[in-house]
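The values are calculated or read from the model by the stated rules, or taken from the named source; none is laboratory data. All of these numbers come straight from a predicted model, not from anything done at the bench. Don't worry about glycine lacking a Cβ; one is built from the backbone with ideal geometry, like all the others, and counts go over all protein chains shown.
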Ligand code: HPA
């Protein structure tokens, strides 16, 4: 049996985390720029800095705390990543998506991804949420490309994964219902991801609109691809922190996220409560 280095790393990281807590998460949540405070809602939590977890790298981006929080919401065991790793920081796709593999190894069945995004759809306002129904990957790469470089062995991942149903329809409708019951404005739309870290030119925004994107970001999509390769169900939600192309800087993106974190918290907590009431994870 060939031992794959990356798989061994995934197991080591997961075993380390398992030793820190008895809670075995069934939902994983990745929080984007400025959205980390959602973890305040978690009960019986155990907080583990990324710097302590074997093979996790440190987050270098402002607004990304760099901690894994494991605990419960409505008695459902969850794992929350406060901050993610970005391709534009110079990490390989293998590194960017390593935490998704670790969360799967911990036992999660579904992944919720959140991120800050620029609004491309003219109807979107700053502070709106967009439930992701589909995506356009413009990063020029993906985590299943160059499997050897990304640390997989042939038998471990089927590279030709189906992406026609990447965003789970039941979770989309659960998100829509929960948002409307909680009085939170949420549209659905298509998310595009660019490499970053530079923002878009006016011509690029025009192009993105013509391609059918409603919002644009620099993250999330690699994690979604990895989650689908691992057969995890995916729910994705973007906070529109700005209209794409208006003069902006990362500080303002983080500030806008922080302003809206309470509403995102209510939405995600509401979804988790409904999942709990339903008694199964879809
Ligand atoms: N473009 C790309 N990524 C982003 C933006 C944007 O306008 N806002 C927040 N993340």
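Beta carbons closer than 8 Å, at least 6 apart along the sequence or on distinct chains, pair a first residue in the stretch 243-258 that is in contact (Cβ under 8 Å) with a residue 12 or more places away in the chain and over 16 Å from residue 115 (Cα atoms) with a second that is within 9 Å of the ligand (Cβ to nearest atom) and part of a helix (DSSP H, G or I) for 245/205.
The residues of the stretch 57-73 that are farther than 25 Å from residue 253 by Cα, touching a helix residue (DSSP H, G or I) at 6+ places or on another chain (Cβ under 9 Å) and without any contact (Cβ under 8 Å) to a residue 60 or more places away in the chain, listed by number, are 70, 71.
Does residue 193 satisfy being under 20 Å from the mean Cα position of the chain (by Cα), within 26 Å of residue 157 (Cα to Cα) and in a helix (DSSP H, G or I)?
Working: under 20 Å from the mean Cα position of the chain (by Cα): yes; within 26 Å of residue 157 (Cα to Cα): yes; in a helix (DSSP H, G or I): no.
When the stated conditions are applied, residue 193 does not pass them.
Can you confirm whether residue 200 is touching a residue at least 12 places away in the same chain (Cβ under 8 Å) and within 16 Å of the ligand (Cβ to nearest atom)? Criteria met by residue 200. Could you check how many residues of the stretch 218-253 are part of a strand (DSSP E or B) and either surrounded by fewer than 24 Cβ atoms within 10 Å (Cβ to Cβ) or more than 12 Å from the ligand (Cβ to nearest atom) (or both)? Of the residues in that region, 7 qualify. In the set (1) under 18 Å from residue 139 (Cβ atoms); (2) assigned to a helix (DSSP H, G or I), the condition left unmet by residue 257 is number (1). The stretch 1-115 holds no helices (runs of 4 or more DSSP H) entirely within its bounds that carry 1 or more residues that are over 24 Å from residue 191 (Cβ atoms) and within 16 Å of the ligand (Cβ to nearest atom). Tell me, which residue of the stretch 203-217 that is part of a loop (DSSP other than H, G, I, E, B) and crowded, with 22+ Cβ neighbours inside 10 Å is farthest from the ligand (Cβ to nearest atom)? Looking at residues that are part of a loop (DSSP other than H, G, I, E, B) and crowded, with 22+ Cβ neighbours inside 10 Å, I get 214. Criterion first (farther than 21 Å from residue 237 by Cβ and surrounded by 18 or more Cβ atoms within 10 Å (Cβ to Cβ)) does residue 82 satisfy it? Answer is no for this residue. What number of residues within the stretch 164-185 are surrounded by 14 or more Cβ atoms within 10 Å (Cβ to Cβ) and under 17 Å from the mean Cα position of the chain (by Cα)? Residues flagged as surrounded by 14 or more Cβ atoms within 10 Å (Cβ to Cβ) and under 17 Å from the mean Cα position of the chain (by Cα) within the stretch 164-185 amount to 6. For residue 160, the requirement of being at pLDDT below 95, away from the ligand (no atom under 16 Å from the Cβ), buried (at least 18 other Cβ atoms within 10 Å of the Cβ) and over 17 Å from residue 219 (Cα atoms) is not met.
Output yes when any residue across the stretch 168-189 is assigned to a strand (DSSP E or B) and within 13 Å of the ligand (Cβ to nearest atom), and no when none is. No - not one qualifying residue is present in the stretch 168-189.
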